[in-house]
1. Determine ³J(HN,Hα), in whole Hz, for all residues of segment 199-205 in sequence, where each value follows from phi through the Karplus function 6.51 cos²θ - 1.76 cosθ + 1.60 and θ = phi - 60°; x replaces Gly and Pro.
2. If contacts are Cα pairs under 8 angstrom and at least 6 residues apart, what is the relative contact order of the chain in percent?
3. Would you check the accessible area of residue 207, probe 1.4 Å, heavy atoms only, in square angstrom rounded to 10?
4. Go through segment 63-75 residue by residue and turn each phi into a ³J(HN,Hα) via Karplus (6.51, -1.76, 1.60, θ = phi - 60°); whole Hz please, and just put x for glycine and proline.
5. Would you give the gap between the C-alpha center of segment 81-130 and the C-alpha center of segment 294-333, rounded to a whole Å?
6. Please work out how much length the chain gains when fully extended from residue 211 to residue 33, using 0.36 nm per residue of separation minus the C-alpha to C-alpha distance, in nm with one decimal.
7. Suppose a student asked you for the relative contact order of segment 182-332, using Cα pairs under 8 Å spaced at least 6 residues apart; what percent would you report?
8. Compute the length gained on full extension between residue 41 and residue 55: take 0.36 nm times their separation in residues and subtract their Cα-Cα distance, giving the result in nm to one decimal.
Amino acid sequence: MTERRHPPRARILGTGRCLPDTVVTNADLEARVDTSDEWIRTRTGIRERRIAPPSIDTCDLCEEAARQALEAADLRPDDLDLILVGTVTPALGFPATACLLQERLGTRGQMAFDLSAGCTGFLYALSVADSFIRSGNARYVLAVGAETLSRIVDWDDRSTCVLFGDGAGAAVFGPTQDPERGVLATRMAADGSYWPLLHMPGGGSRHPASAESLAQGLHYVKMQGNEVFKVAVRTLHQVAEEVLEAAGVSGDQVDWFVPHQANRRIIDAVRLRLKVPAERVYVNVHRYGNTSAASVPIALDEMVRGGKIRPGHRVLLDAFGAGFTFGAALIRW
Ligand code: COA
């Protein structure tokens, strides 16, 4: 008699992170643009952020985070069937940073590609990893969220330069037959009608690099912050509710809520709508600012290594970003 086996679920086997050493405080920014520590703290919760020196690019950050995640998972690079990098600040225009990372890790053959989903990049990568593992098309998947946003921010624009930071976070996913564990539900979505609210016009085929595009500052992040804020709160809440409903779990049954770290006020507003108690929300935006696709996996790695997330915990991930993209996942650790 053959044993009946459920299709596998994906679970996280190991995590890693890389933050550049250089700390830029709000006081440092006061010296550069017309802003104040008080304004930045009260509007965003951010106190400082990490900035990569010119010698470090997004692939360097990916490599360190990926090596840590592989070691934690007790796997070698050759064990990977798929390498994913969520980023809007790739090391090169092309090829994909995932391919550069593959070469750095000293492996070859497996599929490797980047996902451009703004701050939702890691959640999108998680969803792809989950699908590949469930379908049997991959056993082990490396998903990295990595950014050097400092390279595309206009350091003379106070409305954006105070918000962002550099960093990378990684997770290695593998299959589990345990019906109680792993990625229980995901919900990924996008609404392209919002693209003008947060974008970088230059460098693509619409506005290729030229002396004129540089003079116009088209290679910098453009954002309408207060409009973004409103849609962020609504969509983060919406996808998180959908995931909880799909998994049959209520907000107060979540052990940890790990939202994208863009702004403390956005996090608080979404948490209240979801009815997740304040002490179950992980926040590190004060230390790193908004690291875009890196923010959720950096938080996860801090929580795992800090002993906060333990086996059996229900962990709700929630992200929102340029596109607009949005996504949420519920994991039973
Ligand atoms: N320091 C001081 N004043 C600043 C400033 C800064 N760094 N940046 C903007 N201001 C000023 C504006 O010029 C404006 O002045 P005005 O009223 O004289 O025109 C005033 O502050 C209010 O600007 P506003 O944009 O309405 O502020 P806000 O309360 O919406 O806060 C953000 C601005 C950007 C902090 C907030 O909208 C936000 O966090 N939005 C979401 C952004 C985000 O998360 N993006 C990434 C998504 S993944």
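The values are calculated or read from the model by the stated rules, or taken from the named source; none is laboratory data. Given the structure is predicted, the values throughout are model-derived calculations rather than measurements. We place every Cβ from the backbone using ideal geometry, glycine too, and count neighbours over all the protein chains shown. The protein model used for the area step is the full one, side chains on, heavy atoms only, and it has no ligands, DNA or RNA in it. Shrake-Rupley method; radii C 1.70, N 1.55, O 1.52, S 1.80 Å.
1. Listing the rounded values in order: 6, 10, x, x, x, x, 6 Hz.
2. Details: 819 pairs, mean separation 83.7, N = 333.
In percent, rounded to a whole number, it is 25.
3. Per-residue accessible area (residue 207): approximately 70 Å².
4. Once rounded to whole Hz, the list reads 4, 4, 4, 5, 4, 4, 5, 5, 5, 5, 7, 6, 10.
5. Their Cα centres are 18 Å away from one another.
6. Details: separation 178, 0.36 × 178 = 64.08 nm, distance 2.52 nm.
That pair, residue 211 and residue 33, stretches by 61.6 nm at full extension.
7. Details: 254 pairs, mean separation 55.4, N = 151.
Averaging sequence separation for qualifying contacts and normalising by length gives 37 percent for segment 182-332.
8. Working: separation 14, 0.36 × 14 = 5.04 nm, distance 2.97 nm.
Additional length available on full extension: 2.1 nm.
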